[in-house]
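Only one structure is covered here, and it is reproduced in the block below.
Each value in this text was obtained by applying a stated rule to the coordinates, not by laboratory testing. Treat the numbers as computed from the prediction; the structure is a model and nothing was measured. We place every Cβ from the backbone using ideal geometry, glycine too, and count neighbours over all the protein chains shown.
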Amino acid sequence: MKRHVGYAFKAVVLLIVQANLVDMVSLRGITPDLLLIFIVYLAVKEGQTYVLPWGFFLGLVLDLSTGTVIGLSALSKTVAAFTAGYFFSDNKITMTLATYRFLLLVFLTAFIHNAVYFVIFTMGSDIGFLGAVFGVGLASALFTTTLAILPMLVTARVRSSP
Amino acid sequence: MIRTLLNILIAFKEYVLLTLFLVISILLLAGNDNRQLKAVRAYTVGVLGYLQDAVSVIPNVFTLQHENEILRELNVNLSDEVNRLREARIENARLRAMVGLRDEAPFNLIAADVVGKSLLLMRNTLTLNVGTKDGVVADMPIISEQGLVGKVIAVGEDYSLGQILLNKDFRAGAKVQRSRVDGILAWDGGSELRLTNVPKTQDVRTGDIVITSGYSNVFPKDITIGIISSIRQKSGSLFHEISVFPAVDFPALEQVFVITQLPDTARIAVEASRPAGKQ
């Protein structure tokens, strides 16, 4: 129970940071997706079944708190949770979280998440799908991956400390 | 039989969960105009608004420095403009009296602080610290001293959500100030806006100021939108490809005004009652 409350607390903090402070580090309007890093982290630590509801509900809260269509982030974050959870391995949790594997997983998940997101987002608009995915989507995935270095280093440090 | 079904569900629980959440997401996507969903969104905006407000006290030094520079420049420009406007006001009053034009009601403005911004994956919205308690209603225009910012799309009791110009769902009737040429303003995902539906035969130039046309039910006329930064001629097209650089510096935006003007319901009713086929 304590573990779940801890995750919920972290999720709320990340949601507030995402909505308020992340725009300070935006580069040409591109920002990292902190909630996605959290979803990948949860997927590696807890597995696919556990992370799927988290992906859905975090996406839904994001949809409700912003102006886009409701269900868009819920759908893309559910797919992201499924993708990240696919690589769950019970005996490789720390090894994945503390090494470059975590970064690769964040990048792959972020790119798939952004591709799913833009399929629906660009429908019926003047925005080109390929330009959005390979411009904003790829840049955002790289930015998110860069920021995922932080939790990776923290885990590596905790792992190496006696 | 049930036991077998349960065993299958448990064996494929990840896929069952994935399917369940995907179906719910698609149902939510399909029901976006639902009143209950709008109410839930208004409530969420309210709750998150309190949290965002608490965090928004953290100053952003980069933004403040940039804002100071802009304000100094703006101060010089405004002083100059005030002098010219004084002259224009006297002349305008005299001309209005002469032709008996009806005086247009001035805007009633509600000052608001931007307590949150969402810039993730082209989801460009603002959270404002004003809500229904302050008289804010959905579809009210948002402006700043620089020009048009956007419009209110969801309102909680104390907070509201604003859709800015750089949003894929944003559309506004616009006009080139110098030549009075009309167009429709939209955003295609870049750092600039697009002025569409302007035929190649019309007079538009780089550097022209673009303002709201007033044809829209939402935005009052003559609010600055931006400056034409480039005009391209695409072969095979009847229209100009016009890029407009927004007047508002969105990353540095901290204070805005909500115009307490609601869409003219009488006008909407008349336009809706136009018989089909008659333009």
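Would you mind checking the tilt of helix B:61-99 against the longest principal axis of the Cα atoms of chain B, expressed as 0 to 90 degrees and rounded to 10? Taking the Cα atoms of chain B, the angle to B:61-99 is about 50 degrees. GNM on chain B, alpha-carbon springs under 10 angstrom: the most fluctuating residue among B:186, B:42, B:93 is B:93. What shape does chain B take by its C-alpha gyration tensor, where a ≥ b ≥ c are the square roots of the eigenvalues and a/c under 1.5 counts as rounded, a/b above b/c as prolate, and the rest as oblate? Prolate. Charge tally for residue B:151 (other residues, Cβ to Cβ under 12 Å; Lys, Arg +1; Asp, Glu -1): -1. Specify the residue with the greatest mean-square fluctuation among A:95, A:123, A:152, computed from a Gaussian network of chain A linking alpha-carbon atoms under 10 Å apart. Ranking A:95, A:123, A:152 by mean-square fluctuation puts A:123 first. Here the range A:95-135 and the range B:2-19 have alpha carbon centers that stand 29 Å from each other. The slack between residue B:80 and residue B:54, meaning 0.36 nm per residue of separation minus the straight C-alpha distance, is 5.5 nm. The long axis of helix A:34-46 is offset from the longest Cα principal axis of chain A by roughly 40 degrees. Amide H contacts for residue B:117 (H built 1.01 Å from N in the peptide plane; partners 5 or more residues away or on another chain; cut-off under 5 Å): B:127.
Build a GNM of chain A with springs between Cα atoms under 10 Å apart, and of A:133, A:25, A:106 the one that fluctuates most is A:25.
The long axis of helix A:2-20 is offset from the longest Cα principal axis of chain A by roughly 40 degrees. Taking every DSSP helix (H) stretch of at least 4 residues in the protein assembly as shown, weighting each as -39,500 (n - 2.57) and dividing the sum by the residue count yields a mean residue ellipticity at 222 nm of -15500 deg cm²/dmol. Qualifying trypsin sites (Lys or Arg not before Pro) in the range B:171-257, where qualification requires a DSSP coil assignment and no more than 16 other C-beta atoms within 10 Å, comprise B:171, B:178, B:180, B:200, B:205, B:221, B:234. If R0 is taken as 22 Å, the Cβ-Cβ distance between residue B:1 and residue B:26 corresponds to a FRET efficiency of 0.15. The lysines within cross-link reach of residue B:38, meaning a Cα-to-Cα straight distance under 26 Å and a gap of 8 or more places when in the same chain, are A:77, B:117, B:133, B:151, B:168.
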